[in-house]
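The values are calculated or read from the model by the stated rules, or taken from the named source; none is laboratory data. Predicted model, so just to flag it, every value in this text is computed and none were measured. Cβ placement follows ideal geometry from the backbone for every residue including glycine, while neighbour counts extend to all protein chains displayed.
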Protein chains: 2
Amino acid sequence: MADNKKLVEQITSMDEDFAKWYTDIVKKADLIDYSSVKGCMIIRPYGYAIWENIQHILDTRFKETGVENVYMPMFIPESLLNKEKDHVEGFAPEVAWVTHGGNERLAERMCVRPTSETLFCEHFANIVKSYRDLPKVYNQWCSVVRWEKTTRPFLRSREFLWQEGHTVHRTAEEAEARTVQMLNVYADFFEKDLGMPVIKGQKTDKEKFAGANATYTVEALRHDGKALQGGTSHNFGDGFARAFGIQYLDNDNTLKYCHETSWGVSTRIIGGIIMTHGDDSGLVLPPAVAPIQVIVIPVQQHKAGVIEAATKIHDTLAKAGIRVKMDISDQSPGWKFSEYEMKGVPLRIEIGPRDIADNKCVIVRRDNREKSFVSLDNLVEEVKSGLENLRVALYEKALKHREERTYVANTLDELKSIAEEKSGYIKAMWCGELDCEMKLKEEADVTSRCMPFDCEPVGDTCVCCGRAAKKLVYWGKAY
Amino acid sequence: MADNKKLVEQITSMDEDFAKWYTDIVKKADLIDYSSVKGCMIIRPYGYAIWENIQHILDTRFKETGVENVYMPMFIPESLLNKEKDHVEGFAPEVAWVTHGGNERLAERMCVRPTSETLFCEHFANIVKSYRDLPKVYNQWCSVVRWEKTTRPFLRSREFLWQEGHTVHRTAEEAEARTVQMLNVYADFFEKDLGMPVIKGQKTDKEKFAGANATYTVEALRHDGKALQGGTSHNFGDGFARAFGIQYLDNDNTLKYCHETSWGVSTRIIGGIIMTHGDDSGLVLPPAVAPIQVIVIPVQQHKAGVIEAATKIHDTLAKAGIRVKMDISDQSPGWKFSEYEMKGVPLRIEIGPRDIADNKCVIVRRDNREKSFVSLDNLVEEVKSGLENLRVALYEKALKHREERTYVANTLDELKSIAEEKSGYIKAMWCGELDCEMKLKEEADVTSRCMPFDCEPVGDTCVCCGRAAKKLVYWGKAY
């Protein structure tokens with residue numbers, strides 16, 4: 001039984017103005033606030049609790065693979081940032097510079113880290129001496145700064161929170177295996193925990209990380225058909241090791257350069273969740289990261305026994321390890337329904353005098369508003385299966401959406417007309433040359449999102465120049 | 001049965017040079033490393049794991065009292081920092097200034113937060129409208145920067161990690177109650193989890209936080225008799241609220257100013273643990289925050305069945321929720337004993353062929369090297385009680401140490417001679433005047449640590465000027 005009545009009217013509809021719909025949600029669901037620090041955001045309790053859940057899940061997975069957490073300084077001296085040529089070219093134009101400490105001008109200015117490869121490399125050069133010291137598999141949770149001109153909450157902010165993993169290995173093979181392993185951790189997290197289907201693949205040279213040999217990525221699709229980079233994992237080969245002198249004495253008694261990786265995801269994930277699952281009533285949160293998984297709302301709460309029954313439901317679920325909240329404020333039930341829909345709480349439980357008489361309650365799913373009447377005797381099981389069903393439904397709906405919005409182009413004209421008329425991924429073959437990649441950007445305003453790992457080719461020739469194709473590419477429009 | 005043989009000789013003895021002993025430990029126990037960022041530290045995996053345990057315990061306690069976590073921008077525009085007069089005077093001389101974003105000079109320079117009162121106040125002014133919006137009980141875990149001239153790992157670093165709680169209340173009474181409540185959370189954590197006895201009290205006006213009405217503190221004592229501030233909790237009254245215009249409409253329909261608090265502890269705690277419990281063999285960690293609570297070391301590990309027996313011990317303890325590690329590297333048992341003593345692992349389990357035959361193992365306590373032979377049938381219980389006994393012993397030893405190093409002075413000459421000859425706390429009465437406080441600093445090189453909440457007066461007249469005394473003060477030397 002579905003109830004499609006729209007309970008909240010305050011936000012812009014996503015079809016009318018997707019960008020405005022998005023900023024309406026981040027504000028009305030109390031995820032962020034602005035401050036006098038332009039381009040930076042305040043992450044409010046409800047938004048931060050989502051990030052804490054993301055951190056908890058990922059940190060546990062990381063540690064299961066042997067990751068150790070560390071903390072590096074937030075500053076990078078200019079000379080250290082300059083050590084790896086491609087890297088400094090990629091980041092220097094968008095860093096914030098500290099020039100004074102107290103009243104004194106610094107002898108050398110320092111940037112606030114935009115990413116910490118240079119600091120990790122300096123540290124690895126210090127602590128790695130022998131093959132016995134390898135591998136080091138480190139990660140840090142911190143904030144980074146990139147001085148963007150145009151900002152959007154979570155998606156592109158001058159300061160954002162993230163984790164950056166940095167590892168150093170004895171062999172190229174081991175580094176490659178770690179690069180792939182962490183990409184798979186991300187893919188699994190996006191698909192299973194967040195219900196966000198992703199395409200796993202490799203970035204083109206143009207789009208790869210500044211200083212990397214290869215960048216692997218998981219790419220999601222927003223509801224409006226624009227591409228969203230989920231997480232990236234980079235194989236550095238020995239490039240940074242050569243620039244920073246990270247060498248080890250191998251068991252054959254010769255000095256060798258190490259091989260490195262790095263990998264990261266950020267608070268951008270929260271923007272991705274909103275843009276994948278949200279609807280015109282607000283947020284829709286995957287249960288794994290929802291700060292409140294179940295909201296209990298008493299109906300006719302002034303009547304005898306109602307608050308007691310609601311409290312019993314709350315306590316039973318809390319005891320079963322479910323993140324549950326009860327709202328017995330003096331707002332009307334209708335107001336509360338809208339409020340927790342805006343906040344994307346996966347399940348709502350309503351309990352009133354008649355339900356109590358029947359030893360039942362009503363469970364309403366956030367994603368499709370499906371109602372079920374559930375015996376209080378099976379409450380925990382019903383809630384658990386409700387959360388699980390919602391999780392699967394979110395994934396399947398997003399997957400169907402992506403499939404419907406994935407097109408194939410065989411010629412440049414085809415690609416241009418799809419890019420103009422539709423919004424989504426365009427699968428097309430590519431010769432591997434930068435010229436063609438640039439031309440597609442100019443003529444069709446698409447960028448290469450990734451070269452997927454597992455995918456059948458859709459032709460033999462480059463969609464742009466007609467020469468022999470080397471790779472299938474997912475092209476798309478980024479925000 | 002105690003074995004007092006000194007197994008590690010590499011570090012400076014604490015009696016010979018306490019400062020060098022300390023830096024030896026932070027380096028040799030792999031807690032920190034230095035980098036090219038002067039005055040900042042790299043917190044290495046073993047050091048960071050201690051911090052993660054501290055965070056986990058405190059964060060859980062905070063949330064039990066209704067605290068919600070948020071994240072504020074790391075930058076503060078100069079005009080915002082300037083809004084509260086005492087506050088800016090206290091912090092402006094020691095902040096790092098960002099003047100450029102990318103290649104452009106900023107219209108207004110921003111400092112990297114030394115603390116975030118100003119940002120929280122601006123946010124509270126935005127979101128608090130009515131008495132219904134109160135209280136807000138927020139906290140953030142982040143890094144802050146203070147441009148210190150002289151730095152020491154953990155104790156005084158240009159960047160350090162901390163938590164800063166910021167709360168806003170309807171009434172002065174509620175703010176005062178929260179200030180005291182959080183001080184008690186800290187005191188409980190120091191005494192029960194870290195085994196560090198603390199004195200709870202109030203800072204003098206000279207020593208209180210820049211902008212606070214009152215600062216409460218928990219003060220510990222280092223092994224060398226110097227004072228160590230553990231954590232502070234500030235009642236701001238309505239001072240910041242007036243400066244930032246944080247007002248609410250009360251239920252009598254009048255606008256009123258809010259009352260605020262803030263409270264924080266930092267990675268300095270790790271320095272405090274080292275300086276309270278450490279010895280000439282290295283770190284001694286309280287079990288609550290030890291990354292490894294039990295190290296299992298096989299003896300004659302090449303012999304049949306030894307590694308299997310060690311593994312079984314490891315797995316049994318891990319299953320019981322104890323943080324346990326087994327070391328089967330090819331280093332000698334003696335090397336391993338020293339290594340994990342340096343790292344302060346609370347309990348060591350040794351298991352060799354003879355123990356296996358007897359269905360026993362040896363448990364050695366880190367703090368006093370007491371050995372016990374324990375039946376493998378009672379392993380989990382024995383380990384748990386071993387950890388608990390060590391926790392209590394650490395506290396009692398530190399308490400005895402503090403009591404032995406707490407002196408009473410009734411005259412200025414007495415105080416000066418104690419300050420010169422001894423190292424520890426000096427209890428003495430004070431008239432409450434800044435002049436006397438300054439004079440004691442000049443003539444005896446002591447500062448007021450706190451005016452204790454619960455303590456019998458030791459006289460009626462000020463130790464300095466002889467006028468009527470208002471307060472008992474613990475005086476001491478800070479590092």
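Any residue at all in the range A:253-260 that is of a type in the set (Val, Ile, Thr), surrounded by fewer than 19 Cβ atoms within 10 Å (Cβ to Cβ) and on the phi < 0 side of the Ramachandran plot? Yes: the range A:253-260 contains one or more residues that are of a type in the set (Val, Ile, Thr), surrounded by fewer than 19 Cβ atoms within 10 Å (Cβ to Cβ) and on the phi < 0 side of the Ramachandran plot. The lone criterion from (1) within 30 Å of A:Gly282 (Cα to Cα); (2) of a type outside the set (Gly, Ala, Ser); (3) in contact (Cβ under 8 Å) with a residue 12 or more places away in the chain; (4) within 13 Å of chain B (Cβ to nearest Cβ) left unmet by A:Val26 is number (4).
Among the residues of the range B:106-125, just one is facing chain A (nearest Cβ under 8 Å) and among the acidic types (Asp, Glu), namely B:Glu122.
Checking every residue in the range A:105-112 against the condition of being free of Cβ contacts under 8 Å to residues at least 24 places away in the same chain and among the hydrophobic types (A, V, I, L, M, F, W, C) gives at least one match.
Here's the yes/no breakdown for (1) over 30 Å from B:Arg152 (Cα atoms); (2) surrounded by fewer than 15 Cβ atoms within 10 Å (Cβ to Cβ):
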| site | (1), (2) |
| --- | --- |
| B:Lys427 | no, no |
| B:Gly432 | yes, no |
| B:Asp435 | yes, yes |
| B:Lys439 | no, yes |
| B:Ala444 | no, no |
| B:Val463 | yes, no |
| B:Ala468 | yes, yes |
| B:Val473 | no, no |
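In the range A:171-221, which residues are touching a residue at least 60 places away in the same chain (Cβ under 8 Å), closer than 30 Å to A:Leu390 by Cβ and assigned to a loop (DSSP other than H, G, I, E, B)? Listed by number, the residues that qualify are A:Leu194, A:Gly195, A:Met196, A:Pro197.
Residues that are farther than 30 Å from B:Pro457 by Cα, among the small types (Gly, Ala, Ser) and not assigned by TED's automatic domain parsing to the domain that holds B:Cys465: does the range B:388-406 have at least one?
Step one: of the range B:388-406, the residues farther than 30 Å from B:Pro457 by Cα are B:388-391.
Now restrict to residues that are among the small types (Gly, Ala, Ser): none.
Checked against the condition, which is being farther than 30 Å from B:Pro457 by Cα, among the small types (Gly, Ala, Ser) and not assigned by TED's automatic domain parsing to the domain that holds B:Cys465, the range B:388-406 yields no hits at all.
Assuming A:Gly102 fulfils every condition listed in (1) in contact (Cβ under 8 Å) with a residue 24 or more places away in the chain; (2) on the phi > 0 side of the Ramachandran plot apart from one, which condition is it? Against the list (1) in contact (Cβ under 8 Å) with a residue 24 or more places away in the chain; (2) on the phi > 0 side of the Ramachandran plot, A:Gly102 comes up short only on (1). Could you please let me know if A:Gly272 is closer than 30 Å to A:Thr167 by Cα, touching a residue at least 40 places away in the same chain (Cβ under 8 Å), touching a Gly at 6+ places or on another chain (Cβ under 8 Å) and of a type in the set (Gly, Ala, Ser)? Taking the combined requirement at face value, the residue satisfies it. A single member of B:Ser13, B:Ser35 is more than 30 Å from B:Gly225 (Cβ to Cβ) and among the hydroxyl-bearing types (Ser, Thr, Tyr), and it is B:Ser35.
When the range B:126-164 is limited to residues that are over 30 Å from B:Gln247 (Cα atoms) and among the hydroxyl-bearing types (Ser, Thr, Tyr), the one that is nearest to the other protein chains (Cβ to nearest Cβ) turns out to be B:Ser157.
Within the range A:283-335, work out how many residues are within 18 Å of A:Ala49 (Cα to Cα) and of a type in the set (A, V, I, L, M).
13
For A:Met74, state whether it is more than 20 Å from A:Arg268 (Cβ to Cβ), assigned by TED's automatic domain parsing to the domain that holds A:Lys192 and crowded, with 21+ Cβ neighbours inside 10 Å. Spelling it out, it is not the case that A:Met74 is more than 20 Å from A:Arg268 (Cβ to Cβ), assigned by TED's automatic domain parsing to the domain that holds A:Lys192 and crowded, with 21+ Cβ neighbours inside 10 Å. Restricting attention to the range A:313-325, the residues being closer than 17 Å to A:Lys360 by Cα and either surrounded by 15 or more Cβ atoms within 10 Å (Cβ to Cβ) or in contact (Cβ under 8 Å) with a residue 24 or more places away in the chain (or both) number 4.
Report whether or not B:Gly39 is in the same structural domain as B:Gln140 (by TED's automatic domain parsing) and modelled with pLDDT under 95. Step through it out loud before you land on a result.
Numbers: in the same structural domain as B:Gln140 (by TED's automatic domain parsing): yes; modelled with pLDDT under 95: yes.
For B:Gly39, the condition - in the same structural domain as B:Gln140 (by TED's automatic domain parsing) and modelled with pLDDT under 95 - is met.
Applying the selection to the range A:87-146, what residues are in contact with an Asp or Glu (Cβ under 7 Å, 6 or more places away or on another chain), modelled with pLDDT under 95 and either among the acidic types (Asp, Glu) or assigned to a helix (DSSP H, G or I) (or both)? Hits for the range A:87-146 are A:His87, A:Glu94. Among the residues of the range B:376-420, the ones that are of a type outside the set (A, V, I, L, M, F, W, C), touching a Gly at 6+ places or on another chain (Cβ under 9 Å) and part of a helix (DSSP H, G or I) come to 7 in all.
What residue, of A:Glu260, A:Glu308, A:Glu341, is modelled with pLDDT of 95 or more, of a type outside the set (S, T, N, Q) and more than 27 Å from A:Asn378 (Cα to Cα)?
Details: A:Glu308 fails: more than 27 Å from A:Asn378 (Cα to Cα); A:Glu341 fails: more than 27 Å from A:Asn378 (Cα to Cα).
Every option except A:Glu260 fails the conditions.
Considering the range A:400-413, and only residues there that are surrounded by fewer than 16 Cβ atoms within 10 Å (Cβ to Cβ), more than 15 Å from A:Leu472 (Cβ to Cβ) and of a type outside the set (Ser, Thr, Tyr), the residue that is farthest from the chain's Cα centre (by Cα) turns out to be A:Asp413.
With the condition kept exactly as written, say whether any residue in the range B:399-414 is in contact with a strand residue (DSSP E or B) (Cβ under 9 Å, 6 or more places away or on another chain) and of a type in the set (Phe, Trp, Tyr). The answer is yes, given that some residue of the range B:399-414 is in contact with a strand residue (DSSP E or B) (Cβ under 9 Å, 6 or more places away or on another chain) and of a type in the set (Phe, Trp, Tyr). Listed conditions (1) surrounded by fewer than 16 Cβ atoms within 10 Å (Cβ to Cβ); (2) under 13 Å from A:Ile246 (Cβ atoms); (3) within 8 Å of chain B (Cβ to nearest Cβ) are all met by A:Asn103, apart from (2).
Among B:Ile50, B:Ile57, B:Ile76, which is the only one that is β-branched (Val, Ile, Thr) and either more than 13 Å from chain A (Cβ to nearest Cβ) or in a loop (DSSP other than H, G, I, E, B) (or both)?
Numbers: B:Ile50 fails: either more than 13 Å from chain A (Cβ to nearest Cβ) or in a loop (DSSP other than H, G, I, E, B) (or both); B:Ile76 fails: either more than 13 Å from chain A (Cβ to nearest Cβ) or in a loop (DSSP other than H, G, I, E, B) (or both).
Matching residue, one of B:Ile50, B:Ile57, B:Ile76: B:Ile57.
Select from the range A:20-34 the residues that are of a type in the set (S, T, N, Q) and surrounded by 19 or more Cβ atoms within 10 Å (Cβ to Cβ) and list them in ascending order. Hits for the range A:20-34: nothing passes.
Taking (1) more than 8 Å from chain A (Cβ to nearest Cβ); (2) in contact with a strand residue (DSSP E or B) (Cβ under 9 Å, 6 or more places away or on another chain); (3) part of a loop (DSSP other than H, G, I, E, B) in turn, B:Lys83 satisfies each apart from (2).
Among the criteria (1) closer than 26 Å to B:Thr99 by Cα; (2) buried (at least 19 other Cβ atoms within 10 Å of the Cβ); (3) in contact (Cβ under 8 Å) with a residue 60 or more places away in the chain, the one A:Val168 does not fulfil is (1). Among the conditions (1) farther than 27 Å from A:His100 by Cβ; (2) buried (at least 21 other Cβ atoms within 10 Å of the Cβ); (3) not aromatic (Phe, Trp, Tyr), the only one that B:Asp205 does not satisfy is (2). Residues in the range A:468-479 that are touching a helix residue (DSSP H, G or I) at 6+ places or on another chain (Cβ under 9 Å) and assigned to a loop (DSSP other than H, G, I, E, B) were compared, and the one that is modelled with the lowest pLDDT is A:Tyr479. Of all the residues in the range A:441-467, those that are farther than 13 Å from A:Asn410 by Cα, touching a residue at least 12 places away in the same chain (Cβ under 8 Å) and not in a loop (DSSP other than H, G, I, E, B) number 8.
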